[in-house]
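**Student:** Mind having a look at this structure? Questions to follow.
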Amino acid sequence: MKIVAGNSNRVLAQSIAQYLDLELAKCTVRRFADQEIFVELQENVRGEDVFVIQSTSFPANDNLMELLIIIDALRRSSARRITAVLPYFGYARQDRRAAGRTPISAKLVANLITHAGAHRVLTIDLHAGQIQGFFDIPTDNLFSAPVFTNDIKERYEVDNVMVVSPDVGGVVRARAIAKRIGAPLAIVDKRRDRPGESEVMNIIGDVRGRNCILVDDIIDSGGTLVNAADALLAKGAQSVMAYITHGVLSGGAVARIAGSKLSELVITDSIEPTQAMLDSPNIRVVSIAALLGEAISRTALEKSVSSLFD
């Protein structure tokens, strides 16, 4: 087994390799003067089981192209099996035609990864579970729930905790964590007028006196989360914190979170955190290296990955 890392999140790749007691495979990913990407594998991979770790986060197109070229280099170097490990799968929010004459970009990206030569895909908390069906190769969608559950139990008295889904679409994800910690569930009913903006309409559930934990897969602008926190506190919640898998946090999102009423935002390192995120007083990062490392190990040994979540 060999671990190859692109440039999108080398810190996470190094942590995964350390968990597996391996060294990252020697691979150079660089750019020519015109910004074309060049990949050179500097060790033999013939007949090897290779895992490519690359989040397709910002800059999404560059990181996606790096992934495709690395996969092609491995395929042409006779790797036995290539698994694309995508801690964050970019373009996942474009998973359906929301209006006429628009693309389904998530399916297009799935096709690109498949035709580049990947044999398997390993990712975590896809925005929509049906994206697994966009791939014509085996795809394992891991869940951050075990990581978040352990963190919540270590830091909070779960007797007074209420898990909250920030929208109706995330109820299944929030319910999974609520079930694990034995907490009740509430839902924020919201209406989104345009991308990046949301208006909180109603809270479904009694949150008075509760420590509320918002659970979601992606935080981008932060507007939805801030509005949800304000609405929960207005309904009598004692405090509001959030556990979000993928911290995209684009634009002024970090400043928006810092100035909000959220007591804490917990994100994973599926996307490499910026220095601003690390310096923020109410943003904390937990690692998914052990979760991904264990899934990689089980895949290589042909063991069950789904049993990780039993």
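The values are calculated or read from the model by the stated rules, or taken from the named source; none is laboratory data. The model shown is predicted, which means the values in this text are computed figures rather than measured ones. SASA here: full protein model, heavy atoms, side chains in, ligands and nucleic acids out. Shrake-Rupley method; radii C 1.70, N 1.55, O 1.52, S 1.80 Å.
**Student:** Taking the options Ala176, Ala186, Ala128, name whichever one is assigned by the TED database to the domain that holds Thr114 and among the hydrophobic types (A, V, I, L, M, F, W, C).
**Tutor:** Just one listed residue meets the conditions, Ala128.
**Student:** Got a number for residues in segment 268-310 being basic (Lys, Arg) and under 24 Å from Met241 (Cα atoms)? Break it down stepwise before answering.
**Tutor:** Within segment 268-310, the first condition is being basic (Lys, Arg), and the residues that meet it are 284, 298, 303.
Cutting the leftovers down to under 24 Å from Met241 (Cα atoms) gives us 284.
So the count comes out to 1.
**Student:** Sort out for me the strands (runs of 3 or more DSSP E) sitting completely within segment 14-55 that have 1 or more residues that are open to solvent by 40 Å² or more (accessible area, probe 1.4 Å) and not β-branched (Val, Ile, Thr).
**Tutor:** 27-31, 37-41
**Student:** Sort through Asp140, Asp136, Asp95 and tell me the only one that's over 26 Å from Ile213 (Cα atoms), in a strand (DSSP E or B) and of a type in the set (D, E, K, R).
**Tutor:** One residue alone meets the criteria, Asp140.
**Student:** Can Val4 be described as in a loop (DSSP other than H, G, I, E, B), at pLDDT 95 or above and farther than 23 Å from Ile219 by Cα?
**Tutor:** No, not satisfied.
**Student:** Still on this structure: Looking only at residues in segment 110-130 that are part of a helix (DSSP H, G or I) and modelled with pLDDT of 95 or more, which one is most open to solvent (accessible area, probe 1.4 Å)?
**Tutor:** His115
**Student:** Further question: Could you list, in sequence order, the residues of segment 244-266 that are part of a strand (DSSP E or B) and under 23 Å from Ala60 (Cα atoms)?
**Tutor:** Scanning segment 244-266 gives Ile244, Thr245, His246, Gly247, Val266.
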